[in-house]
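The values are calculated or read from the model by the stated rules, or taken from the named source; none is laboratory data. If you're wondering where the values come from, they're calculated on a predicted model, not measured in any experiment. No Cβ is skipped: glycine too gets one built from the backbone with ideal geometry, and neighbour counts run over all protein chains shown. Please note that ligands, DNA and RNA were not included when accessible areas were found on the heavy atoms of the full protein model with its side chains. Shrake-Rupley method; radii C 1.70, N 1.55, O 1.52, S 1.80 Å.
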Amino acid sequence: TKNSYGYAMFTVDKKVTFAHRTAYSLTNPGEDITGFDIDHQCRNKSCVNPGHLKRVTRAENTQNRGANRNSRTGVRGVYERRGRFIAQVRHQGMGEVAGPFDTLEEAETAVKEIRNRLYTNNVMDWEDS
C-alpha cells in the first residue's frame, strides 16, 4: 500500500516498513542506513528500483526536490516581486540571491546555476542541464 505521502509500504510480522528502504538494504547488504534517508533519485516516492535509490543525509535529501505546492511561479526558488523575478537558494543556513530578472526563464536558469554550484544531490537540475 501507499501512505498518505505516496511512499510504498508493507507489513511483515505486524511491523510497517518503507518498501524503498527495504529494497535499498537488500541490494546493499552490510551498508548501515540508520540515520540516513534513502533518496528517490527519480523523485517517484513509490519507486523501489535499487538503481533509483541513494543513501543520503537529510540535508542532501532536501536538495533533490521540486517547487513547493504553494509556489506562485512553479519554479523552486524563484519568486515574483513587483513584476520581476528573484532567484534565491538557501544552503547551510546562508542564502544566495540573484536578480531581479525580467523573465521567469532567466530566473529559472540563474537558480539552477546557483543550486548546481552549492548542492551535492541536485539530480533534478543535473538532468535538466
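Scanning region 28-39 for residues that are in contact (Cβ under 8 Å) with a residue 24 or more places away in the chain and within 21 Å of the chain's Cα centre (by Cα) yields ASP37, ASP39. The criterion of being exposed (fewer than 14 other Cβ atoms within 10 Å of the Cβ), touching a strand residue (DSSP E or B) at 6+ places or on another chain (Cβ under 9 Å) and more than 21 Å from ASP125 (Cα to Cα) does not hold for ASN28. So which residues in region 5-25 are among the basic types (Lys, Arg) and surrounded by 15 or more Cβ atoms within 10 Å (Cβ to Cβ), if there are any at all? Within region 5-25, ARG21 is the sole residue that qualifies.
Within this structure, ALA107 fails the test of being of a type in the set (Gly, Ala, Ser), surrounded by 15 or more Cβ atoms within 10 Å (Cβ to Cβ) and within 18 Å of the chain's Cα centre (by Cα).
A search for C-beta distances below 9 Å between a residue of region 1-27 that is touching a residue at least 12 places away in the same chain (Cβ under 8 Å) and any residue that is in a helix (DSSP H, G or I) and surrounded by fewer than 11 Cβ atoms within 10 Å (Cβ to Cβ), counting only pairs 6+ apart in sequence or on different chains, returns THR27/GLY51. When the helices (runs of 4 or more DSSP H) confined to region 19-129 are screened for residues that are out of contact with any Leu (no Cβ under 9 Å at 6 or more places or on another chain) and among the hydroxyl-bearing types (Ser, Thr, Tyr), those reaching at least 2 such residues are found at 19-27.
Could you please let me know if LYS45 is of a type outside the set (Asp, Glu), touching a Gly at 6+ places or on another chain (Cβ under 8 Å) and farther than 15 Å from ASN121 by Cβ? Against the criterion (of a type outside the set (Asp, Glu), touching a Gly at 6+ places or on another chain (Cβ under 8 Å) and farther than 15 Å from ASN121 by Cβ), LYS45 qualifies.
Right, ALA87: open to solvent by less than 70 Å² (accessible area, probe 1.4 Å), under 25 Å from ARG115 (Cα atoms), touching a residue at least 12 places away in the same chain (Cβ under 8 Å) and more than 14 Å from the chain's Cα centre (by Cα) or not? In short, yes.
In the list VAL75, VAL56, VAL48, which residue meets the criterion of being surrounded by 17 or more Cβ atoms within 10 Å (Cβ to Cβ), more than 15 Å from the chain's Cα centre (by Cα), closer than 29 Å to SER4 by Cα and modelled with pLDDT of 90 or more? If you could, list the steps in order and put the result at the bottom.
Numbers: VAL75 fails: more than 15 Å from the chain's Cα centre (by Cα); VAL56 fails: more than 15 Å from the chain's Cα centre (by Cα).
Result: VAL48 is the single residue among VAL75, VAL56, VAL48 that is surrounded by 17 or more Cβ atoms within 10 Å (Cβ to Cβ), more than 15 Å from the chain's Cα centre (by Cα), closer than 29 Å to SER4 by Cα and modelled with pLDDT of 90 or more.
Going through (1) within 22 Å of MET9 (Cβ to Cβ); (2) at pLDDT 85 or above; (3) open to solvent by 80 Å² or more (accessible area, probe 1.4 Å) one by one, ARG43 falls short only on (2).
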